[in-house]
Amino acid sequence: MRLTMVGTGYVGLVTGVCFSNTGNHVICLDVDAGKIEKLNKGVCPIYEPGLTELMERNVAAGRLEFTTDKSKAYRDADMIFICVGTPSDERGHTDLKYVHGAADDIADVLKSLGPKQTPKVIVMKSTVPVGTTLAVRDRIRARVGPEIPFRVADNPEFLKEGAAIDDFNKPDRVVVGVEDEATGNAFKDLYDPFVRNGHPIYLMDILSAEMVKYASNNFLATKISFINEMANLCEAYGADINRVREGMCSDKRIGNAFLYPGLGYGGSCFPKDTLACIMMGETRGLSVSVSKAVHDTNQKQRDRFFDKIQGHFKSQGGLSGKTLAFWGIAFKPRTDDIREAPALTLMRKALGYGALVRGFDPVANENARRELGSGPVILEDMYEAAKGADALVISTDWDEFKSPDFGRLAQIMRGKVIFDGRNLYRRGQLGEKGFWYYSVGRAPVKPA
């Protein structure tokens, strides 16, 4: 098939590259000329393991290309995937301006091709509020008139950053919302190479397909907020959340996925999609109290952890003039994505209280410098970031942070204090080495 991806962000680029790798001809379109120029030079704009190599292979094979030319991208496409951003505005409502812009551009090209063209399938890949795909259909129809043929579909993505290539190539399921059998059959053909592991393709109505994405992400966010609430109760009563988690997760009805205590969720999906569910409920006069509680609990989790940092230094005159080192800035390991990252919240709070902030992340340093400006010092070595620090804050659970040289840390840090927002270390391990140790859902440890 001839496919076009509208947008070369995380979803558009991963989707386009993976589809091209199964023999489809894919054009990735973006209005950002600088980004397209880099892609045409073989420079991948995002960090995702395996993506650059796969991209280079399919460009060399002539199956993948990048352009800013809308007419070229839309003219010969069998399917057009809208993969643009849908950020939340200041009210938490989904901003659809990029979706509308893409729809108008597609309509203009469809209209120029005339009524005898083969009907193209316009696919909503972006995560959008329920009803948006049909609204886009109506918006395009109003611009092109009744004679121009086209079809619409919704095909939500379920990609985990850091494991997106494997997720796409071996999906748990493929969800597609369609209005007619022919469109459904086209998607079966397109996804057949990816579901030979026996996992299903679910064909359903468009409204339900849109809702599957929100319901899935909101449920996963709920699990994260729930385990953090249990961790807070453990701290209040002296229990150990790690032991509690082991006991509860052995129940096969519960399982262990997304039930790790920490600093709460971040990234581009869970915060935005939880807010979108709240917004959709408010729009129809429905109370979505669980979603509201999930969001509120997540935001408060960062404040609660920062209170631990402040509490430790209260007797030492507060945070003003103290140096805090942060290991991890990305919202999760194996990505350079810092959107809604807990580390950013903590770093900004520390700066606001007069602390000096140093940070290190294996891949997100450049993004952090652009986002945070000259406030914190971002360094290229984890031990250099910790040098001279009054405390070390673990904010992302990268593998390289899991077994550090504690003896070296004790020598180079000014204060032997670790605030572990990811529960990477054993409590006794840190006390024996002379550290104050604070974690999530467990009692603090004093130096032995």
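None of the figures in this text is laboratory data; all of them are computed from the coordinates on show. No experiment lies behind these values; they were computed from the predicted model shown. All Cβ positions, glycine included, derive from the backbone under ideal geometry; neighbour counts span all protein chains shown.
The angle separating the long axis of helix 289-313 from the principal Cα axis of greatest extent in the chain is about 30 degrees. Can you pull out the trypsin sites (Lys or Arg not before Pro) in segment 236-332 whose DSSP state is coil and whose Cβ has at most 12 other Cβ atoms within 10 Å? Counting only loop positions with at most 12 other Cβ atoms within 10 Å, the trypsin sites (Lys or Arg not before Pro) in segment 236-332 are LYS252, ARG253, ARG284. Which is farthest toward the positive dipole end of the chain among CYS44, ASN197, ALA368, measuring Cα position about the Cα centre, with Cβ charges +1 (Lys, Arg) and -1 (Asp, Glu)? Of the candidates, ALA368 comes out farthest on the positive side. Taking θ as phi - 60° and the Karplus parameters 6.51, -1.76 and 1.60, the scalar couplings of segment 144-157 work out to 9, x, x, 8, 7, x, 6, 10, 10, 7, 10, 9, x, 9 Hz in sequence order, x denoting glycine and proline.
Applying a DSSP loop filter and a limit of 13 other Cβ atoms within 10 Å to the trypsin sites (Lys or Arg not before Pro) in segment 1-105 leaves LYS41, ARG91.
Working value for segment 239-448: equivalent-ellipsoid semi-axes of 29, 22, 16 Å, each the square root of 5 times a Cα gyration tensor eigenvalue, largest first.
Rg and Dmax of the chain, both derived from C-alpha coordinates alone, stand at 24.1, 81 Å. Report summary: the helix-based calculation at 222 nm, which adds -39500 (n - 2.57) for every DSSP H run with n ≥ 4 and divides by the residues of the chain, gives -13500 deg cm²/dmol. A simple count of charges around PHE194, restricted to other residues whose Cβ falls under 14 Å of its Cβ and scoring Lys, Arg +1 and Asp, Glu -1, yields -2. For segment 40-133, the alpha-carbon radius of gyration amounts to 1.29 times the rule-of-thumb value 2.2 N^0.38 Å expected for a compact globular protein.
Partners of LYS446 within straight-line reach, counting lysines whose Cα lies under 19 Å from its Cα and excluding those fewer than 8 residues away in the same chain: LYS308, LYS314, LYS416, LYS433. Taking amide H as placed 1.01 Å from N in the peptide plane, the amide H of CYS28 sits under 5 Å from that of MET5, GLU65, PHE66, THR67, each at least 5 places away or on another chain. Relative contact order, whole percent, for the chain stands at 11, derived from Cα pairs under 8 Å and 6 or more residues apart.
About its Cα centre, the dipole of segment 2-204 is roughly 400 debye, where the only charges are +1 on Lys and Arg Cβ and -1 on Asp and Glu Cβ. Summing Lys, Arg as +1 and Asp, Glu as -1, what charge do residues with Cβ under 12 Å from the Cβ of LYS125 carry, LYS125 excluded? Summing Lys/Arg as +1 and Asp/Glu as -1 gives -2. For the chain, excluding the exposed loop sites themselves (GluC sites (Glu not before Pro), DSSP loop, at most 16 other Cβ atoms within 10 Å), the longest remaining stretch covers 180-379. Distant-in-sequence amide contacts of VAL174, defined by a placed amide H-H separation under 5 Å and a gap of 5 or more residues or a different chain, comprise ILE201, TYR202. Each part gets one Cα centre, and for segment 413-438 versus segment 341-372 those centres are 21 Å apart. Rounded to whole numbers, the Karplus 3J(HN,Hα) couplings from phi for segment 216-233 are 5, 5, 5, 5, 5, 4, 4, 4, 5, 5, 4, 5, 5, 5, 5, 4, 5, 5 Hz, using 6.51 cos²θ - 1.76 cosθ + 1.60 with θ = phi - 60°, and x at Gly and Pro.
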